[in-house]
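Some notes on the structure that comes next.
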Amino acid sequence: MKPSKQTNSSAAKRSLASLPDTAPASGLAELQRMMAEAVMRPLTTGEQMQPQWKDGRPTQEFVAGFIKPNDRLTSFDRLEIYNRQYWFRLIDCLYEDYPGLRAVLGDRRFFAMITAYLQRHPSESPLLRDLGRKLIPFLQDEPVWSHPHGPMAREMAQLEWAQIVAFDGESRRAATLKRLAGTPPDRVFLRLQPYITLLELTYPVDEVVIRLLRRDGKMRKEASNAVESTVRARRHSIANRVKPRPGWLLVHRLENSVYFKRLNEPQYVILRSLDRGASLEAAFMQLEELPSAAEVSPEDVQSWFRAWAELGFLVPASS
Amino acid sequence: MPANPFNGHTDYGIGLGLRVPHYRHILEQKPTCDWFEIISENFMVDAGRPLEVLDKILEQYRVVQHGVAIYFGSAEPLNRDHLRKLKRLVKRTNTPWLSDHLCWGSVDGRYTHDLLPMPYTFEAARVTARKIREARDYLEVPICVENVSSYAEFHVSEMTEWEFLSEVVELADCGILLDVNNIYVSSQNHGFDPFDYVNNVPHHRVGQIHLAGHSKFERYILDTHDHPVLDPVWKLYDRALQLAGHTATLLEWDDRIPSFDEVHHEALKANKFLRSKTLAGQPA
C-alpha cells in the first residue's frame, strides 16, 4: 500500500457519522430538474437549442441562472452542447434499432415521429436497449405520426422490437416431447420461450426487413445500439410499394442469431393459445373453428410439435 | 505499489476497451492483451449473443467492468433493478473492481443517457458519496469513480472539480478512476491548469487510469474517443504515474475504431511511462 497522502478534502476532517442517512437533496434535485428539462427539450429545425424558454423568456436568460459562461461560450452555448448530444445520441439509437420503420415512414417523417415519441416517452431505463419499448403503443395512440401508413408502421415496429427481444431475451429450459409423453392433453400447459414473439401481420414486413438487410449487407449480429449503422440513409417512404398480404410470423433465435419463421394460420393459433395459458387440448380445440385447419391432419400437428421441440420453442408453463 | 483496496489488490497493466468491431479478431486470433474493460450495460441482458461473446472472452482474458448508467450523482435514489442486474454480471465476470462515472444523468426516473457534470457543492458530495457506499455494499466489489469531461460549470459550485472528487471519494471511501484525457478536456473548456488537478487528488485512491483521444473545435474541446492520445494527455499521464505509481491503465477508443492491432499499439505506448515508474520505484 502506498502511504496516505494529505488531500485538500474537507471530508478527511469530519466524521463519517456526521453524514445524514437520507439527506434531502432539494437544491441538487431542483438544479438537476432544471438542467434535465433544458437538455431534453427538442432542438429547432436547424438542430440548435430553442432560443425561447417555455415561459416566453429568452432561453439564455433561463440558462444563465444556473450555468456559468466563460470567455468563449455563453451559458446558452454551453448547455446547447448537452442539448444537442442528448438528441443526437437517442435519435441515432432509434435509427439503428428501427431501420424498417424508417423505411416505411421515410427519413423526414421518421425523424418527426421519434422526436415526438421521445418527448412523450422519455427513457425510463438506464439501458438504451429499452429505448423503443413504448413505441408500439405510441404509434397506436398517436396515429398522426405514421399516417397514412399506420398499420404497416405498427407491424414493422412490432417486428423490430421482436428482433431486440429475440437477440438478448431470457431463455428457459425447453420442454421435451419425451417429458410430455403420457400426460393427458388437458393437463399439458406450455408457453413460448420469453425471447419468442408471435406476430399476426397484414403486410409482409418481414420480407421488407430481409430485403433491406440484404441490400445493406448486414443482419442484426451484435448488441442493440451497435456503433455501425444497419441501413444506409434513405429519404423516401417505401410504403406505397408494399401491398397487403396477411401472414403469421414467429421471431426467434437459434445459436444466438435472430430468425423469422413463417407460420400457417393453424400453427399460429395453436402457439398463441398455448402462450395465453390454454392447455394442449384447448389449443387443439381452437382449430375446430378455423376453416384453414380443415385439412390439417394429426400427423401434421405431430410434425409441427417435433420441429418446435427441436428448436426449443416451448417451455413448461410452470417454469 | 499498484495494488490497493480500490482495485481489489490487483496488479493489472495495460488494457483495452472491448468493442464490437474487434470481437472476431479477439475470438479467432486470441491476441495478447493484459485485460479488457467491458461496458457493463452492454452485457446486462438475460441471454443471447452478448453473453456468449462475454463468456468466451472470460475464458481467455481478465475483464474489468466499467459502467455508464449508475449515476451516483443523481439526486434520486439508486435504481435497484439496475443494481440487481449489475450484480448478476459482477458474479459472472468476477471483476476485481468496478467503475462508473462521477456524474448524474437521471431525474425522477427519466434517463438522459449522458454523463452530466456535477455542481461542486458539499450537498452534492454527500448525496453522491452515500450512493457510492450503498452501491458498493450491495455489489460487494470495490468501486472507483471516474472524473468526466465537461462543457458547463454551475454558479452554485463551492469548490474546484478536483476538490469535489477528493471530497466524494474520501466520504465514500472509494477509489478513483483517473481519466487524464477528461482532465485535459475539462481544463481547456474551463480554463484551469490540468496539473493542479492531477497534483491535488488523493493519489493513494487511484485504482485505474483512462487514456483517450479528443477533438478540438474552435471554442471548446469534445471528448470524442476517436483519435490517438495527444501529447498533453501523455504528459498528464506521466505526472499521474509519478504521484500514484504504476497503475492499471486503459485506452478508450469508441468511435471511428481502427483495427485491434492499431488500438493495442496505441495503448502499449503507455509502457514507456509505466516502465520508467517501475524502474524509479516509489511514487514521488
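FYI, it's all coordinate maths here, none of it is from the lab. Keep in mind that what you see is a predicted model, and the values were worked out from it rather than measured. In this analysis, Cβ positions are derived from the backbone assuming ideal geometry, glycine residues included, and neighbour counts consider all displayed protein chains.
For the residue pairs A:134/A:261; B:87/B:131; A:134/A:243; B:235/B:272; A:261/B:56, the alpha carbons lie more than 19 Å apart in A:134/A:261; A:134/A:243; A:261/B:56.
List the GluC sites (Glu not before Pro) in region B:129-227 that DSSP assigns to loop (not H, G, I, E or B) and whose Cβ has at most 10 other Cβ atoms within 10 Å. Which are they? Intermediate results must be reported in sequence, preceding the final value.
Working: sites: B:134, B:140, B:146, B:153, B:158, B:161, B:163, B:167, B:170, B:218; in loops: B:140, B:153, B:158, B:218.
When the GluC sites (Glu not before Pro) of region B:129-227 are filtered for loop state and at most 10 Cβ neighbours within 10 Å, B:140, B:218 remain.
The ranking of B:241, A:287 by Cβ neighbour count inside 10 Å, starting from the fewest, reads A:287, B:241. Neighbour counting of Cβ atoms within 10 Å sorts the residues B:195, A:62, fewest neighbours leading, into B:195, A:62.
Working value for region B:5-280: equivalent-ellipsoid semi-axes of 26, 24, 18 Å, each the square root of 5 times a Cα gyration tensor eigenvalue, largest first.
Each peptide among B:75-82, B:48-55 gets the average number of other Cβ atoms lying within 10 Å of its residues, and from highest to lowest they stand as B:48-55, B:75-82.
Over chain A, what is the relative contact order in whole percent, taking alpha-carbon pairs under 8 Å and six or more residues apart?
Values: 383 pairs, mean separation 57.2, N = 319.
Across chain A, relative contact order equals 18 percent.
Helices meeting the span-like rule in chain A (full DSSP H runs, Cα extent of at least 27 Å along the helix axis, mean Kyte-Doolittle score of 0.0 or higher): A:150-168.
If you stretched the chain out fully between residue A:262 and residue A:120, how much longer would it get, using 0.36 nm times the residue separation minus the C-alpha to C-alpha distance? Write out the running numbers ahead of the final one.
Details: separation 142, 0.36 × 142 = 51.12 nm, distance 3.40 nm.
47.7 nm is the gain from fully extending residue A:262 to residue A:120.
Set the Cα radius of gyration of chain A against 2.2 N^0.38 Å, with N its number of residues, and you get 1.33.
Within region B:42-57, name every residue whose backbone N is under 16 Å away from a label modeled 7 Å from Cα of residue A:130 along the Cβ vector. Inside the label zone: B:42-47. Per-residue Cβ neighbour counts within 10 Å put B:118, A:34 in the sequence A:34, B:118, beginning with the fewest. Net length available on complete extension from residue B:88 to residue B:27 is 19.6 nm, with 0.36 nm assigned per residue and the Cα-Cα distance removed. Distance between the modelled labels on residue B:156 and residue A:141, one decimal in nanometres: 3.1 nm (7 Å Cα→Cβ projection).
Working from Cα pairs under 8 Å separated by at least six residues, relative contact order for chain B is 19 percent.
Rg to Rh ratio, region A:263-319, alpha-carbon atoms and Kirkwood radius?
On the way: Rg = 11.1 Å, Rh = 11.7 Å.
Dividing the radius of gyration by the Kirkwood radius yields 0.95.
Only alpha carbons enter this Debye calculation for region B:101-163, each as an equal point scatterer, and the log10 of I(q)/I(0) it gives at q = 0.12, 0.17, 0.22 Å⁻¹ is -0.33, -0.66, -1.07. This model, with +1 at the C-beta of Lys and Arg and -1 at the C-beta of Asp and Glu, gives region B:5-280 a dipole about its Cα centre of some 760 debye. Restricting to DSSP H runs of at least four residues, report the calculated mean residue ellipticity at 222 nm for chain A, -39500 (n - 2.57) per run over all residues, nearest 500 deg cm²/dmol. Counting only the DSSP helices, I get -13500 deg cm²/dmol. Based on Cα atoms of the protein assembly as shown, Rg over Rh with Rh as the Kirkwood radius reads 1.01. Taking the Cα centre of the protein assembly as shown as reference, the dipole from Cβ charges on Lys and Arg (+1) and Asp and Glu (-1) amounts to some 700 debye. Net charge dipole, region A:170-316: roughly 940 debye, given to the nearest 20, about the Cα centre with Cβ charges of +1 for Lys and Arg and -1 for Asp and Glu.
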